[in-house]
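Since the structure comes first, as structure tokens, the remarks are kept for the end.
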Amino acid sequence: MRILVTGATGFIGKALCRYLSERGHEVLAGVRRRLGGSCNGVLIVELGTLGIDTVAPEKLAGVNAVVHLASRVHVMRESATDPLADYRRTNVDGTVSMVQAAAKAGVRRFVFVSSIKVNGDDSGDTVFDENSAPAPADPYGVSKWEAEQALAALALSAGVEHVVLRPPLIYGPGVGANVLRLIRLVDAGWPLPFASVHNRRSMLALGNLCDAIACSLNHPEAAGRTFLVSDGADISTPDLIRSIARALERPCRLFPVPPMLLKKLAETIGRGAEADRLLGSLAIDPSRIQSHLHWTPPLRFDDAIKATVDAYRIRI
């Protein structure tokens with residue numbers, strides 16, 4: 001299969017290009033600007049700045065499927081004057097541009113990696129599934145939901161099979177942001193005030209996401225569907241910290257503080273959104289992708305966390 005991966009230089013893109021290439025696919029790495037002849041051993045295709053530049057259909061010549069990863073990613077500390085406009089430019093307009101080019105080039109399938117933030121930031125006492133009403137709570141989530149809708153409309157009219165995947169927090173070798181910060185805190189031996197937190201967070205190992213994408217590329221039951229995808233085992237923040245400590249072979253130092261007090265303290269220093277991720281619940285039900293595509297996550301949580309920590313140790 002000849003597959004174009006957009007956002008190929010990112011955390012997910014690098015791993016996905018390698019994963020697909022190792023399984024015998026001809027992989028094209030879609031990048032904004034060409035920096036060399038290859039990326040992780042695959043051919044580079046310069047696409048320009050998605051959402052601003054028009055993607056030329058001839059750059060997708062002979063491509064059977066597109067995996068669209070390129071996006072303006074969610075950030076905790078937003079500095080843009082109009083964040084929604086910036087997210088829409090890349091995440092909505094960029095997706096539209098890619099779908100239009102794919103349709104003109106005769107691409108058969110278009111896999112779009114969206115986000116569980118389309119459903120919201122907190123599942124409360126329930127779990128999100130594909131029947132849950134979209135309720136994005138921030139500009140990033142809004143832009144991903146709008147991109148999903150634009151993709152569905154364009155793909156239907158152009159005869160392109162589209163698949164949408166909504167993952168939760170993704171972790172794995174090379175991860176950054178909140179997971180990396182948490183690993184560093186545990187590694188440094190800091191006591192952490194989360195012993196009284198009893199939440200449920202769904203997570204997705206990078207290798208499991210790559211496998212789910214690969215399954216979505218050619219499975220006949222995937223066409224036209226949206227799937228929520230996760231490792232299948234929800235975990236609390238204290239349990240995540242304990243797992244990281246075991247992988248680091250460090251003591252786990254947790255002490256109790258009422259979650260409401262933690263939330264208020266975080267808000268006073270401008271860290272309310274970060275506290276929500278550590279204190280709140282965001283659980284999803286991945287049973288549809290498991291039943292419809294007969295997909296099972298190949299990596300266990302403990303093994304994936306250990307691989308994440310091992311990669312962190314190599315980097316420091």
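The values are calculated or read from the model by the stated rules, or taken from the named source; none is laboratory data. Keep in mind it's a predicted model, so treat the numbers as computed, not measured. Counting neighbours? That spans all protein chains shown, and the Cβs are built from the backbone with ideal geometry, glycine included. Remember, those area values only see protein heavy atoms, side chains included, never the ligands or the DNA or RNA. Shrake-Rupley method; radii C 1.70, N 1.55, O 1.52, S 1.80 Å.
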message: Just to make sure I understand: if all protein chains stay in place, what is the order of ARG109, ARG33 by accessible area at 1.4 Å, largest first?
response: ARG33, ARG109
- prompt: If you stretched the chain out fully between ASP276 and ARG23, how much longer would it get, using 0.36 nm times the residue separation minus the C-alpha to C-alpha distance?
  reply: 87.2 nm
- request: Leaving ligands, DNA and RNA out of it, rank THR6, THR49, THR54 by accessible area with a 1.4 Å probe, largest first.
  value: THR54, THR49, THR6
query: Say the dipole of the chain comes from +1 at the beta carbon of Lys and Arg and -1 at that of Asp and Glu; which of GLY62, THR308, GLY141 then lies farthest toward its positive end?
result: THR308
message: How large is the accessible surface of CYS252 in square angstrom, using a 1.4 angstrom probe and rounding to the nearest 10?
response: 60 Å²
message: In whole Hz and in residue order, list the ³J(HN,Hα) couplings for the range 183-190 that follow from phi through the Karplus curve 6.51 cos²θ - 1.76 cosθ + 1.60, θ = phi - 60°; x for Gly and Pro.
response: 4, 5, 5, 5, 5, 7, x, 5
- prompt: Hey, with R₀ at 25 Å, roughly what FRET efficiency would ARG315 and GLU46 work out to, going by the Cβ-Cβ distance, to 0.05?
  reply: 0.30
- line: XL table LYS264/LYS306; LYS14/LYS263; LYS14/LYS104; Cα-Cα > 31 Å flagged, in table order, is LYS264/LYS306; LYS14/LYS263
message: What distance in nm lies between label points placed 7 Å from Cα along the C-beta direction at ALA61 and PHE255?
response: 6.7 nm
statement: the range 32-190 accessible area per residue, 1.4 Å probe, protein heavy atoms, integer Å², reads 45 Å²
- request: Output the peptides 219-226, 240-247 sorted from most to least packed, where packing is the average of other Cβ atoms within 10 Å over each peptide's residues.
  value: 240-247, 219-226
- prompt: Under 17 Å from a point 7 Å along the Cα-to-Cβ line of LEU265: which residues of the range 279-293 have their amide N that close?
  reply: 279-280
Cα-based Rg / Dmax (Å) for the chain: 19.6, 59
- line: Summed over the other residues with a beta carbon less than 12 angstrom from that of PRO193, with K and R at +1 and D and E at -1, the charge totals +2
task: Express in nm, to one decimal, how much length is gained between ALA135 and LYS104 on full extension, taking 0.36 nm for each residue of separation and deducting their alpha carbon distance.
output: 7.9 nm
query: Ignoring ligands and nucleic acids, what accessible area does LEU185 show with a 1.4 Å probe (Å², nearest 10)?
result: 70 Å²
- prompt: Cα extents of the range 1-151 along the three principal axes, largest first, in whole Å?
  reply: 46, 34, 28
query: Label-point separation (nm) for ASP303 and ARG181, each offset 7 Å from Cα along Cα-to-Cβ?
result: 3.1 nm
query: Carbon and sulfur together cover what percent of the accessible area of the chain at a 1.4 Å probe radius?
result: 53 percent
Among SER243, GLY124, ALA195 the positive-end extreme of the charge dipole of the chain (Cβ point charges): SER243
message: Suppose each label sits 7 Å from its Cα in the direction of the beta carbon; what would the ARG33-MET1 distance come out to in nanometres?
response: 3.3 nm
